[in-house]
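One structure below.
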Amino acid sequence: ATFWDSFESAIHTNMELSDVDKFNYLHSLLQDAAADAISGLSLTAKNYAEAVSILKKRFGNKQQVVNKHMELLLQIEAVSSLRDLKGLRRLYDKVEGHVRSLKSLGVPSESYGSLLSSILMKRLPQELSVIVSRQVGEDSWNLDKLMESFEKEIEARERATNDGTNDSSLSRKPVKNNPTMAALLTPSTEGCCYCGQSHDPSSCRTLSNPDARKQALLKGG
């Protein structure tokens with residue numbers, strides 16, 4: 001899900017809010033280039049629709065979003081030690097988040113799976129790469145199977161390590177910052193923007209009430 005999806009659900013389609021109120025909420029959540037893009041518009045009801053149009057036109061290009069995800073996947077740093085559970089969990093979460101976001105944009109993993117599988121295996125410690133490869137047991141690597149095996153190995157090591165789960169929970173905890181330019185219309189990889197848990201915002205049951213979701217957005221998380 002994107003920041004816009006969350007904003008649209010909580011505020012944009014809220015019939016109880018005036019366009020001026022919606023514009024104020026939107027303006028308060030933007031930073032950097034996104035805020036600059038609409039800085040010349042005064043906070044009036046008439047300008048709200050114009051602000052939304054400007055932001056969608058500038059930051060809503062699907063291909064640019066896809067390209068950015070692929071670029072970030074190619075730049076993911078390797079983990080050199082099998083004992084670095086926090087690093088391994090971070091690596092898994094980043095890859096899984098980008099893959100999930102690409103799928104939400106209609107880009108199937110089959111279209112880039114072979115390339116990403118090869119890159120992922122090179123980012124793993126050699127010992128773990130051998131274990132995952134043996135478990136998958138196929139000449140042609142399948143990304144979904146690699147990720148499943150990778151996650152199971154991480155979870156097994158976290159269970160066997162006293163502080164593994166704690167390290168994992170710390171590394172996976174979303175950072176509650178206001179959306180930046182890149183986050184405006186880019187699918188999020190940090191989990192639910194309402195409650196901070198690792199699920200899609202549209203399926204959030206912790207905060208299902210529109211007013212509660214609106215307050216969560218205004219508080220930055």
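Summary of values
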item	result
Region 86-143 shape via C-alpha gyration tensor axes, a/c threshold 1.5	oblate
Anisotropy class of region 38-144 from Cα gyration tensor, a/c 1.5 cut	prolate
Estimated FRET transfer efficiency (residue 103, residue 61; beta-carbon r; R0 22 Å; 0.05)	0.75
Listed pairs 56/145; 57/94; 94/145; 62/122; 62/152; 22/94 exceeding 24 Å between Cα atoms	56/145; 57/94; 62/122; 62/152; 22/94
Per residue accessible area of region 1-114, 1.4 Å probe, in Å²	54 Å²
Spin-label pair residue 111/residue 20, simplified geometry with 7 Å Cα→Cβ offset, distance in nm	4.5 nm
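The values are calculated or read from the model by the stated rules, or taken from the named source; none is laboratory data. It should be emphasised that the depicted structure is a prediction, and the values quoted were computed from it without experimental measurement. Every residue, glycine as well, gets a Cβ built from its backbone with ideal geometry; the counts of neighbours run over all protein chains shown. Note: areas computed on protein heavy atoms with side chains; ligands, DNA, RNA excluded. Shrake-Rupley method; radii C 1.70, N 1.55, O 1.52, S 1.80 Å.
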